[in-house]
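A quick write-up on the structure given underneath.
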Amino acid sequence: MNRRQFGKGLLASLSSYALLDSLFAFNAFGRKINPIADHWSIQLEEYCNDLKTNTISPENWQVQVEGLLSRIELAELLKFIDFDRLLKGFQYPDLGVNTRPVKFPKLEGLPENTTFYKKIFGLKKDRAIIPHGHSNMSSAHMVLRGGFKLRHYDKLDDEGDFMIIKPTIDKMVQTGDFSSISDDRDNIHWFVASTASAFTFDVIVLDLKGQPYDIHNIDIHQQVRQSDGNLRVPKLDVDTALKKYGKETHH
Ligand SMILES: [Fe+2]
């Protein structure tokens with residue numbers, strides 16, 4: 001690299017750096033953090049790349065990513081993904097959820113195409129991210145705005161048309177809370193919006209262990225409790241599942 005190329009590279013990184021004024025954050029101890037090398041998006045990419053290359057287990061990925069999410073300052077995250085822009089003209093469906101892709105700003109050390117997919121999910125009150133399980137994928141979810149009733153289940157067995165599952169999480173979540181899924185733990189999730197509108201930021205790693213990913217919608221209301229306390233639930237096609245679970249009706 002000659003001096004001129006070096007200078008250009010430096011300018012490019014300086015200008016992207018300047019755009020990210022929100023990165024001049026302070027850590028919990030009041031110390032200014034290194035705005036580039038320590039940025040959470042770079043750490044996140046590392047964890048997702050480790051997952052994709054089987055360097056860490058899906059469960060370990062969940063632990064690492066949830067740890068990271070717990071340390072992110074929400075205001076900085078909202079600015080980083082330009083949440084205000086994503087909200088403009090957002091179309092809320094009557095059934096279920098709508099998504100918009102997230103684009104990260106240019107950042108030294110962060111590949112332009114990240115290993116993970118990133119989106120926001122938005123929905124109106126009583127609409128749901130319908131109950132579903134996953135194969136060969138992991139994802140993490142941070143509530144950006146509003147609240148949800150959140151339920152998770154472990155996937156114990158997949159019998160083709162049925163799944164054997166076990167309840168693991170049942171709680172209300174709100175802005176700043178997060179959750180994650182993988183084949184190892186809390187595989188099935190179900191979000192029902194409890195506020196006028198509600199949004200999550202999702203980080204998704206697909207096609208793990210060299211296998212294509214899949215999503216299985218389940219008919220949780222048709223659960224049959226087995227003698228060991230686990231639940232046997234039928235799978236549903238997406239249209240039927242959306243009609244049944246996309247919008248909660250109160251009686
Ligand atoms: Fe999911």
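Structure data summary
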{"read-out": "Residue selected from the range 188-211 under the condition open to solvent by 20 Å² or more (accessible area, probe 1.4 Å) and over 24 Å from Lys103 (Cα atoms), by the criterion farthest from the ligand (Cβ to nearest atom)", "value": "Ala196"}
{"read-out": "Residues of the range 83-131 satisfying the condition of being farther than 30 Å from Thr249 by Cβ, open to solvent by less than 50 Å² (accessible area, probe 1.4 Å) and within 15 Å of the ligand (Cβ to nearest atom)", "value": "Phe116, Lys118"}
{"read-out": "Only listed residue being in contact with a strand residue (DSSP E or B) (Cβ under 7 Å, 6 or more places away or on another chain) and either farther than 17 Å from Cys48 by Cα or aliphatic (A, V, I, L, M) (or both), chosen from Phe80, Phe90", "value": "Phe90"}
{"read-out": "Residue in the range 132-144 that is away from the ligand (no atom under 16 Å from the Cβ) and either among the β-branched types (Val, Ile, Thr) or open to solvent by 10 Å² or more (accessible area, probe 1.4 Å) (or both) present", "value": "no"}
{"read-out": "Restricting the range 212-228 to residues that are within 15 Å of the ligand (Cβ to nearest atom) and aliphatic (A, V, I, L, M), the residue that is most open to solvent (accessible area, probe 1.4 Å)", "value": "Ile215"}
{"read-out": "The range 149-187, residues that are open to solvent by less than 30 Å² (accessible area, probe 1.4 Å), away from the ligand (no atom under 14 Å from the Cβ) and not aliphatic (A, V, I, L, M)", "value": "Gly176"}
{"read-out": "Selection within the range 229-250 - open to solvent by 70 Å² or more (accessible area, probe 1.4 Å) and either aromatic (Phe, Trp, Tyr) or modelled with pLDDT under 95 (or both)", "value": "Thr249, His250"}
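The values are calculated or read from the model by the stated rules, or taken from the named source; none is laboratory data. All of these numbers come straight from a predicted model, not from anything done at the bench. Please note: Cβ atoms are built from the backbone with ideal geometry, for glycine as well, and neighbour counts cover all protein chains shown. Note: areas computed on protein heavy atoms with side chains; ligands, DNA, RNA excluded. Shrake-Rupley method; radii C 1.70, N 1.55, O 1.52, S 1.80 Å.
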